[in-house]
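Contents: one structure, followed by commentary.
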Amino acid sequence: MGADLEPGTLLAAYRAGLFPMRLRPGGPVGWWSPDPRGVLPLDGMVVHRSLRRSARRFTVTVDRAFTAVMLGCGDERRPDGWIDAEFVDAYTRLHELGWAHSVEVWTPGVEDDPDGLVGGVYGVAIGGLFAGESMFHRATDASKVALVALVERLRAGGGVLFDVQWTTPHLASLGVVDLSRADYARRLADAVARPQLTL
């Protein structure tokens, strides 16, 4: 518990297999290393035909509205929200430095209009690691479309490990699997030593 959210602190944490979340809204920052750890194999995402059809209803961009995606993920109406202004500021700084990235999903024709942003995902990239932090949707399937687009870009851009923190029933239905902490640590060490992935 404790420490700060400066870029160097965050990057050191991810390299060590940790990520920050508040213990409760407004409470102290905890540094988490779940055991087991949820990971989405880049060749194992489950994409049904209905999702492929749904994807055609949207436009997808990368790093076009990072802070807006974070604000969508941190919407106070979402249960168990913990993404507050301090986290938004910290990760926006990481984004400006080139370490944090977002995938945005838009209603076609209204890109760059905040009302047109209907889903997205963001996270931190170090070497071949992408540490997914959060995703959101305001239209059916929009977060899944963001995830599909992210996986495609990670596969093409040198990603080898997609960390999603915890396995939920929803994520498991998309192909997320559990790794032991020891197995995750081995794969993490290999991933962060690789050349920086591109999205």
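Yes or no: GLU76 surrounded by 13 or more Cβ atoms within 10 Å (Cβ to Cβ), modelled with pLDDT under 95 and either among the charged types (D, E, K, R) or assigned to a strand (DSSP E or B) (or both)?
no
Among the residues of the stretch 49-67, which ones are surrounded by 15 or more Cβ atoms within 10 Å (Cβ to Cβ) and assigned to a loop (DSSP other than H, G, I, E, B)?
Passing the criteria: ARG57, PHE58, ASP63, ARG64, ALA65.
Just name the residue that is modelled with the lowest pLDDT out of those in the stretch 15-59 that are out of contact with any Leu (no Cβ under 7 Å at 6 or more places or on another chain) and among the hydroxyl-bearing types (Ser, Thr, Tyr).
This residue is SER54.
Scan the stretch 135-147 for residues that are of a type in the set (A, V, I, L, M) and either surrounded by 23 or more Cβ atoms within 10 Å (Cβ to Cβ) or within 26 Å of PHE19 (Cα to Cα) (or both) and jot them down.
Answer for the stretch 135-147, where residues must be of a type in the set (A, V, I, L, M) and either surrounded by 23 or more Cβ atoms within 10 Å (Cβ to Cβ) or within 26 Å of PHE19 (Cα to Cα) (or both): MET135, ALA142, VAL145, ALA146, LEU147.
Check every one of the strands (runs of 3 or more DSSP E) wholly within the stretch 88-199 and list those with 1 or more residues that are within 26 Å of PRO36 (Cα to Cα) and among the hydroxyl-bearing types (Ser, Thr, Tyr).
Once the strands (runs of 3 or more DSSP E) in the stretch 88-199 are filtered for at least 1 residues that are within 26 Å of PRO36 (Cα to Cα) and among the hydroxyl-bearing types (Ser, Thr, Tyr), what remains is 100-106, 117-126, 129-137.
Please work out which residue is farthest from SER173 (Cα to Cα), limiting yourself to the stretch 26-48 and to residues that are of a type in the set (D, E, K, R) and in a loop (DSSP other than H, G, I, E, B).
ASP35
Which of (1) more than 15 Å from VAL118 (Cα to Cα); (2) not in a loop (DSSP other than H, G, I, E, B) does LEU71 not meet, given it meets every other one?
(1)
With respect to the numbered conditions (1) modelled with pLDDT of 95 or more; (2) closer than 27 Å to LEU11 by Cβ; (3) β-branched (Val, Ile, Thr); (4) under 16 Å from the mean Cα position of the chain (by Cα), which one is the sole condition not fulfilled by THR168?
If we test THR168 against (1) modelled with pLDDT of 95 or more; (2) closer than 27 Å to LEU11 by Cβ; (3) β-branched (Val, Ile, Thr); (4) under 16 Å from the mean Cα position of the chain (by Cα), just (1) comes out false.
Restricting to the stretch 1-25, give me the number of residues that are part of a loop (DSSP other than H, G, I, E, B), surrounded by 12 or more Cβ atoms within 10 Å (Cβ to Cβ) and either hydrophobic (A, V, I, L, M, F, W, C) or in contact with a Lys or Arg (Cβ under 6 Å, 6 or more places away or on another chain) (or both).
Counting residues in the stretch 1-25 that are part of a loop (DSSP other than H, G, I, E, B), surrounded by 12 or more Cβ atoms within 10 Å (Cβ to Cβ) and either hydrophobic (A, V, I, L, M, F, W, C) or in contact with a Lys or Arg (Cβ under 6 Å, 6 or more places away or on another chain) (or both) gives 5.
Would you be able to say whether some residue in the stretch 39-61 is within 15 Å of LEU150 (Cα to Cα) and among the charged types (D, E, K, R)?
yes
If the Cβ limit is 7 Å and pairs must be 6+ apart or interchain, which residue in the stretch 105-134 that is in contact (Cβ under 8 Å) with a residue 12 or more places away in the chain and crowded, with 22+ Cβ neighbours inside 10 Å pairs with which residue that is of a type in the set (Ser, Thr, Tyr) and in a loop (DSSP other than H, G, I, E, B)?
Close Cβ pairs (under 7 Å, with a partner that is of a type in the set (Ser, Thr, Tyr) and in a loop (DSSP other than H, G, I, E, B)) amount to VAL118/THR107.
When the stretch 34-48 is examined, which residues are found to be surrounded by fewer than 15 Cβ atoms within 10 Å (Cβ to Cβ) and under 18 Å from THR140 (Cα atoms)?
VAL46, HIS48, listed by residue number.
Which members of the stretch 172-195 meet the condition of being closer than 23 Å to ASP63 by Cβ, surrounded by 14 or more Cβ atoms within 10 Å (Cβ to Cβ) and out of contact with any helix residue (DSSP H, G or I) (no Cβ under 6 Å at 6 or more places or on another chain)?
LEU174, ALA191, ARG194
The values are calculated or read from the model by the stated rules, or taken from the named source; none is laboratory data. If you're wondering where the values come from, they're calculated on a predicted model, not measured in any experiment. Here the Cβ is made from the backbone with ideal geometry for all residues, glycine too, and neighbour counts use every protein chain on show.
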